[in-house]
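**Student:** Could you have a look at this structure, given as structure tokens, before my questions?
Each reported figure results from applying straightforward, stated rules to the coordinates on display, with no laboratory input. Being a predicted model, the structure only gives us computed values, none of them experimental. Cβ atoms come from the backbone with ideal geometry, glycine included; neighbour counts cover every protein chain shown.
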Amino acid sequence: MAALRTTLRKVTTACTSQLMSTSTPICTGGSQSATRKLPVRTFAAVKAVKKDKKGAVGEVKKEKRAIDDSDRHKPFGKTAWVPVDDVFILKYYPRTVYRAVDAIQMLKRFQVLDFTPHNQPVYIDLKLDMKLEKKKKIDPFVSTVHLPHPFKTAINRVVVFTEDETQAREARENGAATAGGVELIQQVLDDQISADFYLAVPEILPKLLPLKNKLRKKFPKSKRGTVSTNIPKTLELFKTGHEYLVESDCYVRTQIATLDMPSEQIFANLQTVLMDVCSHRPASAGPFIERAIMASHTSEALWINCQDALPHTGQEGGK
């Protein structure tokens with residue numbers, strides 16, 4: 001009996017210490033070494049992306065399908081071809097493209113209705129198709145054109161670089177602000193001489209390299225026509241000429257007239273600029289001007305059809 005009591009005490013003490021211990025879990029749900037069941041993947045694996053020889057990932061580009069609206073009762077995504085009222089939401093109807101002559105008359109009418117200055121400038125904004133065959137592009141260009149009806153009253157200041165005394169005297173007689181050789185370089189660097197255009201003969205061009213950072217776009221270049229041996233003819237062009245350039249790779253934004261000029265003179269200046277722009281397009285490039293916009297300083301922009309302002313050969317031929 002005493003032995004049984006002793007054994008029971010030992011078992012009770014062991015169980016109490018087992019329950020009160022914090023280092024050992026009270027109960028376990030199973031063996032810790034049992035393998036976990038992973039979920040079964042029910043989706044397909046992602047297809048590997050193929051790479052070309054250079055390592056770049058090839059992207060498949062979807063071609064935009066051109067929609068032919070010629071036989072439709074209304075344009076695709078629009079309400080109708082022409083609005084039935086003079087008050088309408090523009091995005092629901094096709095954009096109106098005006099004839100150049102009509103656009104000029106509308107700009108003059110806007111000026112009268114808005115009580116804006118009558119001598120405000122008239123601008124054009126052209127978007128050019130600079131693409132060529134085989135992923136080539138036409139280089140952005142700068143051109144100077146002689147407008148039939150100039151809108152500027154002041155004559156441009158022109159400096160001529162030449163080491164020939166005869167050419168320098170001839171340049172001054174034809175209206176050059178100053179003419180000379182390398183002695184003018186330091187005066188230009190010190191801002192003692194400034195001009196709208198700088199002309200040079202081909203022989204002195206290598207000696208003018210110190211002025212390249214100073215003049216930047218005004219530095220004489222053959223592409224701009226500022227390098228020539230015919231000083232009188234070149235001076236006549238740049239004294240009264242109008243310069244424009246291609247901006248942002250394909251846009252031409254320039255002034256062509258003032259609104260107080262007669263409509264015939266504005267149209268003549270517009271036609272001259274358009275013909276000069278089209279002359280920079282190769283013959284195989286197709287139509288050069290994609291869209292044309294005309295506006296005055298305070299009026300809304302009017303989309304115009306440049307085809308009626310060009311001769312029949314304006315978009316066919318080029319340099």
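**Student:** What's the local net charge at Thr79, with K and R +1, D and E -1, over the other residues with C-beta under 12 Å away?
**Tutor:** Numbers: positive: Lys74, Lys78, Lys91; negative: Asp85.
Result for the neighbourhood of Thr79: +2.
**Student:** Starting at the first residue of the range 193-200, write each ³J(HN,Hα) from the Karplus equation 6.51 cos²θ - 1.76 cosθ + 1.60 with θ = phi - 60°, in whole Hz, x for Gly and Pro.
**Tutor:** Here the 3J(HN,Hα) series is 10, 9, 8, 7, 9, 10, 9, 8 Hz.
**Student:** How far apart, in nm, are the 7 Å Cα→Cβ label points at Leu205 and Arg291?
**Tutor:** 3.8 nm
**Student:** Would you please classify the overall shape of the range 117-196 from the alpha carbon gyration tensor, given that a ≥ b ≥ c denote the square roots of the eigenvalues, rounded means a/c under 1.5, and beyond that prolate means a/b larger than b/c while oblate covers the rest? Don't skip to the end; give the middle numbers.
**Tutor:** Numbers: a/c = 2.46, a/b = 1.47, b/c = 1.67.
Verdict is oblate for the range 117-196.
**Student:** Let me ask you something else. If we count every other residue with Cβ under 11 angstrom of Tyr92's Cβ, Lys/Arg +1 and Asp/Glu -1, where does the sum land?
**Tutor:** Working: positive: Lys74, Lys78, Lys91; negative: none.
Cβ neighbours under 11 Å give a net charge of +3.
**Student:** Sorted by average packing, counted as other Cβ atoms within 10 angstrom per residue and highest first, what order do 137-145, 88-96 take? Provide the component values of the computation, followed by the final result.
**Tutor:** Numbers: 137-145: 15.7, 88-96: 11.1.
The most tightly packed comes first, giving 137-145, 88-96.
**Student:** Continuing with the same structure: For a test of the definition: using alpha carbon positions, the gyration tensor, and the 1.5 limit on a/c, classify the range 203-246 as rounded, prolate or oblate. Working shown, then result.
**Tutor:** Details: a/c = 2.32, a/b = 1.28, b/c = 1.82.
It comes out oblate by the Cα gyration axes.
**Student:** Further question: Where a ≥ b ≥ c are the square roots of the eigenvalues of the C-alpha gyration tensor, would you call the range 237-284 rounded, which needs a/c under 1.5, or, failing that, prolate if a/b is larger than b/c, or oblate?
**Tutor:** Numbers: a/c = 1.83, a/b = 1.64, b/c = 1.12.
Note, shape of the range 237-284 comes out prolate.
**Student:** May I ask you to compute the full-extension gain from Glu165 to Ser248, defined as 0.36 nm times their residue separation minus their alpha-carbon distance, rounded to one decimal in nm? Mind showing how you got there, number by number?
**Tutor:** Numbers: separation 83, 0.36 × 83 = 29.88 nm, distance 4.13 nm.
My answer for the length gained is 25.8 nm.
**Student:** Under 5 Å between amide hydrogens, which residues at least 5 positions from Tyr98 or on another chain qualify, with H placed 1.01 Å from N in the peptide plane?
**Tutor:** Trp303, Ile304, Asn305
**Student:** Continuing with the same structure: In whole angstrom, and with the biggest value first, how far do the Cα coordinates of the range 158-241 range along each principal axis?
**Tutor:** 27, 25, 22
**Student:** A further question follows. Would you tally the net charge around Phe197, using a Cβ to Cβ cut-off of less than 10 Å, leaving Phe197 out, and scoring K and R as +1, D and E as -1?
**Tutor:** Numbers: positive: Arg157, Lys218, Arg224, Lys239; negative: Asp196, Glu243.
Around Phe197, the surrounding residues sum to +2.
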